[in-house]
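Chemist: Can you keep this structure in mind? I'll have questions shortly.
The values are calculated or read from the model by the stated rules, or taken from the named source; none is laboratory data. Not measured: the values here are computed from a predicted model. Methodologically, a virtual Cβ is constructed for each residue, glycine included, from the backbone with ideal geometry; neighbour enumeration extends over all protein chains shown. Just the protein is used for accessible areas: all its heavy atoms, side chains included, with ligands, DNA and RNA removed. Shrake-Rupley method; radii C 1.70, N 1.55, O 1.52, S 1.80 Å.
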Amino acid sequence: LCLGAWFLHFYWIALGGGIVALAAALTCGVLAAIVKAPTFCAFLTPALFILVAEAIHRRARLGPLLFRGALMTGGGLIAAAAWTAYADRIKTLNPLAHDLQSAIASKWIIGDLSLRFAPSFWATIGTTTKDTVLGWIGLIVLALFALTAPGGTRRVIGLLVLCYLVPPLVFSNVYLVHDYYFFTNGIFLLVALALALSRGLDLPRLPRWAGGGLLVLTLGAGFITYSRGYYRLIPANETRVP
């Protein structure tokens with residue numbers, strides 16, 4: 001997650017030029033991809049949006065821009081493919097590791113196409129979002145302030161929400177089964193909430209005391225959600241797992 005975030009940071013800088021930023025983005029991308037490919041792939045959606053925005057802004061330099069973007073993202077994908085092939089060769093030495101071969105595991109990770117249209121799938125995504133990312137208060141505040149934000153801000157918030165939804169749409173089964181995958185795409189929803197709050201608290205018709213109270217309410221509701229859920233697992237960590 002950390003390497004993926006740094007990849008995106010240097011990626012954005014490198015699109016504007018600079019060999020140091022390009023090398024840093026390529027290094028972070030390669031390392032993120034070989035540690036956990038689905039986590040790295042979650043950062044490819046915002047990377048694509050950034051590339052499109054920069055392409056619109058720098059029309060005269062479209063060719064070099066596309067080359068740099070393809071180099072930085074392609075480096076991570078190639079490294080992930082090479083590392084996976086190497087790992088598969090090692091797994092063949094263990095007769096118990098047959099089901100862990102990438103050709104078999106990837107089918108389970110991605111899941112059937114029909115899964116994405118199942119109401120139970122989206123119910124689980126919604127419950128996990130509520131319990132692990134924002135909570136009801138955060139989701140309501142995000143929706144309300146996003147609707148009252150200027151058009152440009154609404155578009156950015158919409159793209160951030162899309163960045164949150166794309167990983168579960170691609171790696172559907174693991175997002176259905178493992179809630180810790182939301183640690184990655186959840187940061188995009190948190191940024192969307194932060195942006196919506198920032199714009200909403202600047203509204204002239206919202207008193208300063210009301211804005212401050214709403215911020216405290218949002219943070220407090222998130223803490224209460226955590227304290228009622230994951231915090232209760234911590235004291236049992238020493239004994240609940242053999």
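Chemist: Is it the case, given these coordinates, that Leu71 is over 24 Å from Asn173 (Cα atoms) and under 25 Å from the mean Cα position of the chain (by Cα)?
Modeler: Answer is yes for this residue.
Chemist: Could you grab the pairs with beta carbons closer than 6 Å, sequence gap of 6+ or different chains, first residue in segment 153-166 and more than 14 Å from Val52 (Cβ to Cβ), second one at pLDDT below 95 and charged (D, E, K, R)?
Modeler: Thr153/Arg199
Chemist: Provide a single number: the residues in segment 67-83 that are of a type outside the set (D, E, K, R) and surrounded by 15 or more Cβ atoms within 10 Å (Cβ to Cβ).
Modeler: First, the residues of segment 67-83 that are of a type outside the set (D, E, K, R): 67, 69-83.
Now narrow it down to the ones that are surrounded by 15 or more Cβ atoms within 10 Å (Cβ to Cβ): 69, 72-73, 75-77, 79-80, 83.
Going through segment 67-83 one residue at a time, the tally reaches 9.
Chemist: If I ask for residues that are open to solvent by 40 Å² or more (accessible area, probe 1.4 Å) and more than 14 Å from the chain's Cα centre (by Cα), which ones from segment 31-56 would you list?
Modeler: Correct list: Leu31, Ile34, Val35, Val52, Ala53, Ile56.
Chemist: Further, regarding this structure: Can you tell me which residue among Leu203, Leu195, Leu214, Leu190 is in contact (Cβ under 8 Å) with a residue 24 or more places away in the chain, surrounded by fewer than 15 Cβ atoms within 10 Å (Cβ to Cβ), within 21 Å of Val141 (Cα to Cα) and of a type outside the set (D, E, K, R)?
Modeler: Details: Leu195 fails: surrounded by fewer than 15 Cβ atoms within 10 Å (Cβ to Cβ); Leu214 fails: surrounded by fewer than 15 Cβ atoms within 10 Å (Cβ to Cβ); Leu190 fails: surrounded by fewer than 15 Cβ atoms within 10 Å (Cβ to Cβ).
Sole residue among the options that is in contact (Cβ under 8 Å) with a residue 24 or more places away in the chain, surrounded by fewer than 15 Cβ atoms within 10 Å (Cβ to Cβ), within 21 Å of Val141 (Cα to Cα) and of a type outside the set (D, E, K, R): Leu203.
Chemist: Take the residues in segment 113-122 that are of a type in the set (A, V, I, L, M, F, W, C) and open to solvent by 20 Å² or more (accessible area, probe 1.4 Å), then tell me which one is farthest from Ile224 (Cα to Cα). Step through it out loud before you land on a result.
Modeler: So the first thing to find is which residues in segment 113-122 are of a type in the set (A, V, I, L, M, F, W, C), and the list is 113, 115, 117-118, 121-122.
Filter once more, so that each one left must be open to solvent by 20 Å² or more (accessible area, probe 1.4 Å): 113, 115, 117-118, 122.
Working: Leu113: 36, Leu115: 32, Phe117: 32, Ala118: 30, Trp122: 24 Å.
Going through the qualifying residues, I end up with Leu113.
Chemist: Show the residue pairs meeting these rules: Cβ distance below 8 Å; 6+ apart or different chains; first residue within segment 81-95 and of a type outside the set (Asp, Glu); second residue open to solvent by 50 Å² or more (accessible area, probe 1.4 Å).
Modeler: Qualifying pairs under 8 Å: Trp83/Ile34; Lys91/His98; Lys91/Leu100.
Chemist: Quick check on my filter: what residues within segment 39-65 are among the aliphatic types (A, V, I, L, M) and over 17 Å from Gly18 (Cβ atoms)? Full working, then the answer.
Modeler: As a first pass, look at segment 39-65 and keep what is among the aliphatic types (A, V, I, L, M): 42, 44, 47-48, 50-53, 55-56, 60, 62, 65.
Ala42, Leu44, Leu48, Val52, Ala53, Ala55, Ile56, Ala60, Leu62, listed by residue number.
Chemist: Among the residues of segment 160-184, write down those that are over 16 Å from Gly126 (Cβ atoms) and surrounded by 20 or more Cβ atoms within 10 Å (Cβ to Cβ).
Modeler: Of everything in segment 160-184, those that are over 16 Å from Gly126 (Cβ atoms) and surrounded by 20 or more Cβ atoms within 10 Å (Cβ to Cβ) turn out to be Leu160, Cys163, Phe171, Thr184.
Chemist: If Tyr86 satisfies every condition in (1) aromatic (Phe, Trp, Tyr); (2) surrounded by 12 or more Cβ atoms within 10 Å (Cβ to Cβ); (3) out of contact with any helix residue (DSSP H, G or I) (no Cβ under 7 Å at 6 or more places or on another chain) but one, which is the exception?
Modeler: Answer for Tyr86: the failing condition is (2).
Chemist: Among Ile157, Ile125, Ile137, Ile110, which is the only one that is farther than 19 Å from Thr39 by Cα and either open to solvent by less than 50 Å² (accessible area, probe 1.4 Å) or modelled with pLDDT of 90 or more (or both)? Spell out how you get there, then give the answer.
Modeler: On the way: Ile125 fails: farther than 19 Å from Thr39 by Cα; Ile137 fails: either open to solvent by less than 50 Å² (accessible area, probe 1.4 Å) or modelled with pLDDT of 90 or more (or both); Ile110 fails: farther than 19 Å from Thr39 by Cα.
The conditions single out Ile157.
Chemist: Taking segment 89-127 on its own, how many of its residues are closer than 30 Å to Gly138 by Cα, touching a helix residue (DSSP H, G or I) at 6+ places or on another chain (Cβ under 8 Å) and of a type in the set (A, V, I, L, M)?
Modeler: 4
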